[in-house]
Amino acid sequence: MEDPSKYHTLLRDPARRKIIEILAEQGKVGFKELRQILGLGVGTVYYHLDMLSEFITQDKSRKYMLNDRGRLLYQSMKEGKLSPTLHAKSAFGSKIGKWIFLTPMFVKTVRPERILPISILIYVLGGVGCAFADLRPFLFLYDFSFGAYEFEKTVIIYLLEWIGLFLFSDALAYLLYGRIGGELQLFTCIGLASLPLAIFPYITMLLSYQITRFLQIAFQIWSLLLTSAAISFGKGLRLDKSIIISLTALYLNVIILILMGIFP
């Protein structure tokens with residue numbers, strides 16, 4: 001094999017080491033059985049399998065098995081060439097980054113019913129904030145020019161836009177990558193990803209128009225990155241794949257606003 005050290009980051013996660021071990025010991029394992037053994041959510045298992053795609057393959061019945069590289073990797077693990085624990089100290093900046101990207105919260109969505117109330121609260125918080133701040137929500141964008149609709153209408157429109165993003169992401173994940181299941185986890189993750197744009201209306205009530213116009217760009221980028229992470233966790237996709245979905249949603253968002261004559 002190549003230099004084993006390059007696989008330390010990949011195998012630092014115990015779930016991925018466990019998958020390698022299960023496939024090595026059992027030969028072939030179906031997705032449902034693998035999920036039961038691991039005790040993880042649909043999206044989480046898909047994510048780990050995607051990360052290990054260089055080392056696993058599927059037979060005609062779609063059961064997972066190690067390929068030649070996977071068997072060599074397992075052999076290296078058994079022979080001690082790869083540490084079984086692979087502990088790594090996290091730098092202070094890395095810890096801050098995890099919280100900026102809400103990684104600890106996304107990880108907890110493996111059991112989405114526990115985090116779902118927080119996501120719903122964030123959705124509602126954003127809608128109410130738009131109504132109070134007199135903003136018209138357009139998913140990743142806000143319109144300062146025309147003022148908000150009636151209070152209830154603004155809240156409903158805000159909620160429908162983010163629910164629409166959830167449905168769009170779920171459909172595109174299936175069409176592009178064949179991902180099925182994990183809808184509740186994805187809905188919960190999308191709610192967490194909307195946090196920056198949910199708190200932005202409250203910031204506009206505290207700061208001047210000139211400042212908030214610049215801040216909006218930063219919050220949009222932040223929320224877009226969080227949406228990519230949400231799709232990654234919710235549908236078990238690598239970030240390079242999930243960002244395609246989030247960028248597609250953003251481009252469609254802009255195109256619709258251009259057609260409506262709102263976006264310059």
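Quick look at the numbers
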quantity	calculated
Charge-dipole axis of the range 93-259 as Lys and Arg at +1 and Asp and Glu at -1 on Cβ define it, positive-most pick from 257, 172, 133	172
Evaluated at q = 0.12 Å⁻¹: base-10 log I(q)/I(0), Debye formula over Cα of the range 4-78	-0.28
Sorted peptide list for 210-217, 181-188, 129-136, criterion being average Cβ within 10 angstrom, highest first	181-188, 129-136, 210-217
Debye, to nearest 20: dipole size of the range 14-54, +1 on Lys, Arg Cβ, -1 on Asp, Glu Cβ	100
Helical mean residue ellipticity (222 nm; -39500 (n - 2.57) per DSSP H run of 4+; nearest 500) of the chain	-21500 deg cm²/dmol
Cα centroid separation - the range 186-210 against the range 143-185, whole Å	15
Long-range HN-HN contacts of residue 143 with modeled amide H, under 5 Å	136, 138
Cross-link pairs 18/78; 18/63; 63/108; 32/63; 32/60 - those with Cα-Cα distance over 18 Å	63/108
Helix runs (DSSP H) in the chain reaching 20 Å along axis by Cα, Kyte-Doolittle at least 1.0	112-133, 151-177, 239-259
Test item: Cα-centred dipole of the chain, Lys/Arg +1 and Asp/Glu -1 on Cβ, debye	880
R0 of 30 Å, Cβ-Cβ distance residue 79-residue 99: FRET efficiency to nearest 0.05	0.20
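Every number in this text was worked out from the coordinates using simple rules, so none of it is lab data. Please read all numbers here as calculations on a predicted model, not as lab measurements. Virtual Cβ from ideal backbone geometry, glycine too; neighbours counted across all protein chains shown.
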